[in-house]
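Laboratory data are not the source of any read-out in this text; all were calculated from the coordinates shown. Every value quoted in this text rests on a predicted model; they were computed, and no experiment measured them. Cβ atoms come from the backbone with ideal geometry, glycine included; neighbour counts cover every protein chain shown.
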Amino acid sequence: MPDLTAEAESEFERAWADPRFTRAELTPVDINKVLAERYTTGEPLRLTRAMLWDLEIRKAASPGAFIPYVVKAGSDASWAPGRADGVLGDAFVRQSLQRLWNEPGDHGRVLEEVWLNHERQVVTFLGRAELPDAEGKPLATDPRQPLFHVQHGVDGADERPLNTWRIVLLTDAPDPRLKEPFAALDRDPWLPEFVEHYIRDVLNVRLDRKG
């Protein structure tokens, strides 16, 4: 049988290599280094690769809970086509209303196929123009912005995990305007907000920014 996760990852890599498209990759975040330097916690805390991977799995299924600054509250849903038991497994689809890259004051529907690779600890999201919802009714992505693919992952040593992130927007030509929001994220000295959320609301550890 074909390895569908590998095929999804190959599709991402082909898009990443396409010179027409707009690419951005964030500097890997040394989670425990930033945590020690810029935060105080209610108890001693060091995150492991396993913990960061648990975060990525949760975030993939429930983006509204982990990236509310991107996803409109109550708009996200995830489902596995053809499964009636509600179990997502390692391949599923999701929809959400997300902030538009060039119109951050507005939201538009985003449809994605999601592929979890537990061995590599990488999640691949492939943007789709159309997908059926959980009942088979057609859904369409908002046409006001290009489709995009994203990969989130975990790298580094077990006791010194790195958060990795890259995106490719399927544009007709590279668009510097679309890269600016990611450049701003790369300049952010804090942990990604979804990591803060995981520490506070999943691990139930008090987390405060210094200064």
**Report entry** Label-point separation, S10 to A73 (7 Å along Cα→Cβ), nm
**Finding:** 4.4
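Per DSSP helix of 4 or more residues, -39500 (n - 2.57); summed, then divided by the residues of the chain. What does that give at 222 nm, rounded to the nearest 500?
Values: 6 runs with 56 residues, N = 211.
Per the formula, -7500 deg cm²/dmol.
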Query raised in the report: Looking at the range 1-70, which chymotrypsin sites (Phe, Trp or Tyr not before Pro) are DSSP coil and have at most 11 other C-beta atoms within 10 Å of their C-beta?
Result: Y69
Report summary line: Per its Cα gyration tensor (rounded if a/c is under 1.5, else prolate when a/b beats b/c, else oblate), the range 132-192 is best filed as oblate
Query - Cβ-based net charge around L111, under 11 Å, with every Lys or Arg adding one and every Asp or Glu removing one - result: -2
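So, with +1 on the Cβ of K and R and -1 on the Cβ of D and E, and no other charges, what is the size of the charge dipole of the range 16-109 about its Cα centre, to the nearest 20 debye? Walk me through the numbers before you get to the answer.
Working: 13 positive and 12 negative charges, 16 e Å.
Value, rounded to 20: 80 debye.
Not counting the cut sites, what is the longest span of the chain without GluC sites (Glu not before Pro) that DSSP labels loop and that have at most 14 other Cβ atoms within 10 Å? Spell out each step's value before the answer.
Working: sites that count: E119, E135, E159.
Longest stretch, sites excluded: 1-118.
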Report task. Give a residue-ordered list of calculated ³J(HN,Hα) values for the range 200-211 (Karplus: 6.51 cos²θ - 1.76 cosθ + 1.60, θ = phi - 60°; whole Hz; x for Gly, Pro). Result -> 6, 9, 9, 7, 6, 10, 4, 9, 10, 6, 7, x
Report summary line: Mean separation of Cα contacts under 8 Å (at least 6 apart) over the residue count of the chain, i.e. the relative contact order in percent, is 30
Query raised in the report: Can you sort K59, K137, K179 by how many other beta carbons sit within 10 Å, fewest first?
Result: K137, K179, K59
Query raised in the report: How would you rank V110, V205, going from fewest to most other Cβ atoms within 10 Å of each one's own Cβ?
Result: V205, V110
Report task. Could you tell me which of rounded, prolate or oblate describes the range 47-109, using a ≥ b ≥ c as the square roots of the eigenvalues of the alpha-carbon gyration tensor, with rounded for a/c under 1.5 and, failing that, prolate when a/b is larger than b/c and oblate otherwise? Result -> oblate
Requested in this report: Give me the net charge of A65's neighbourhood, meaning all other residues with Cβ under 14 Å from the Cβ of A65; Lys, Arg count +1, Asp, Glu -1.
Outcome: -1
